[in-house]
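Heads up: the structure comes next, in structure tokens.
Read-outs throughout are calculated quantities, based only on the coordinates presented, and are distinct from any laboratory measurement. All of these numbers come straight from a predicted model, not from anything done at the bench. Every residue, glycine as well, gets a Cβ built from its backbone with ideal geometry; the counts of neighbours run over all protein chains shown.
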Amino acid sequence: MPSSIYLSAAHKSSGKTVVSLGLCAAFREQSLNVQAFKKGPDYIDPIWLSQASGKQCYNLDFYNMSDEQIIDLYEQHASQSDLAIIEGNKGLFDGMKVAGGDANADLAKLLNIPVILVVDATGITRGVAPLVSGYQAFDKEVDIAGIILNKIAGDRHESKLVQAIEYYTDIPVLGAIRRTKELIIDERHLGLMPANETPESQVFINRAAKHIADQVDLEKIKGLNRKVIKPKTVKFSIVKKSLTVAVAKDSAFGFYYPDDLNAFESLGVDLVYFDTLQDAQLPKADALFIGGGFPEMQLESLSANQSLLADIKSKIEAGLPTYAECGGLMYLSRQITQQGKSHKMVGVIEADTLMTPKPIGRGYVQLSPTSKHPWSKVAGRIYAHEFHYSKLENINPKTHYAYEVLRGVGVDNKRDGILVHHLLATYSHLRNVGGNHWVEQFVNFIKDIKNKTT
């Protein structure tokens, strides 16, 4: 029977991601099969969690998934593990709705999983008691099964905190982690630095695992919740590979949902990955997919790879079906300017990208497809998200768009999804869940184009 725990906190930046990474790696070192999940639309934390656990991390999101889809995805992967760890986002009760329904607490209740509350103990002693008891009393249906105290100043500080919690509450303290620079990950405007950009990421994960193993009671955590999850019967039908899609995946581009990539493969698509920093040309493929990332951190290397830029431009102009999201959109523009310095990019999109010090679009979006949308069976509202500290300037006024923005920013506060040739490039990140089967729609579009040209 697998164990499942939900890592949450009183507020964001409490250190729950580092604790989650350390737990995944520490349990993995015990030869346990660990399955990580992340609440919400995050890409960066799942990259770290995947590396720490040794398995792909999956996102669970109330915004674009039904309760049934969340349960199904969770049980499908948790049932194959010894231990499932879900890392929350923000605080335990933080969400979009004042009455709740989409918070971490609601996800923990939906999946019937006990919560471990990570408490940032900076500057607090006896006051931790009303904080913890208040969280316990706020929603009695949430099972707060333990506390991990984080950023402890020393033995005396720890003693005061533990005494207060034990005196005023019945929630056990499962660990007390000392404040140390060794457990700080460099942060950036969208949160944690992606592990795919950080050569020392495994060193950090190993260090976090050691701190957690030394200062957290792993055995108690393993015994918190053991539930019977009936293994999902996954039908592995042999699908003939009929299409090839080239996917950019490197230190500049790495934001992909693993279940979306799995959806491509289930439809007979062979995914071939390429490196925008190293490869001189695209691999032979029927289509191109460039996801999100941080191209602004690799501008010189991206711009220096002139042969690949020219190859991508010529192939898109020749009709190669292409889908690009956020960082991919920026990469396909004429240039990216950061701090007054411009770097030439692919140039197939008639617009320039300007990096900004403050977020332009950040959060959930709602899109409505326009009559110009090139893919078939795209209808109704599309629930997605955007996270970009850039905007497009000098856009060709004759540009066509695939989406009207009902909520969010997109390209110009009104529209998103730039269309040129057979390219759709959007600031929004789509996910192949709910009623938005974008992978199938894109694959059918690729097939249509291929049939017309052969």
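Tabulated results
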item: Once exposed loop GluC sites (Glu not before Pro) are cut out (DSSP; at most 10 other Cβ, 10 Å), longest piece of the chain; result: 201-454
item: 10 Å binning of all Cα-Cα separations within segment 320-431, expressed as whole percents from 0 upward; result: 15, 51, 30, 4, 0
item: Pairs of Cα atoms farther than 30 Å apart, segment 243-453, %; result: 13
item: By average C-beta atoms within 10 angstrom, highest first, the peptides 209-216, 132-139; result: 209-216, 132-139
item: Virtual spin-label span in nm between residue 13 and residue 448, 7 Å along Cα→Cβ; result: 4.7
item: Sites matching trypsin sites (Lys or Arg not before Pro) across segment 368-454 that sit in DSSP coil, with at most 14 neighbouring C-beta atoms within 10 Å; result: 372, 377, 381, 398, 414
item: With eigenvalues of the C-alpha gyration tensor scaled by 5 and rooted, the chain, Å; result: 41, 23, 21
item: Net length gained if the chain between residue 342 and residue 310 were fully extended (0.36 nm per residue, minus Cα distance); result: 9.8 nm
item: Simple label model, 7 Å out from Cα along Cβ direction - residue 437 to residue 140, nm; result: 4.5
item: 15 Å tail of the calculated P(r), segment 326-375, as % of Cα pairs; result: 59
item: Rounded to 5, percent antiparallel among DSSP beta bridges of the chain; result: 40
item: Simple spin-label estimate for residue 220 and residue 112 in nanometres, 7 Å along Cα-Cβ; result: 2.5
item: More than 16 angstrom apart: percent of Cα pairs within segment 280-363; result: 51
item: Long-range HN-HN contacts of residue 143 with modeled amide H, under 5 Å; result: 115
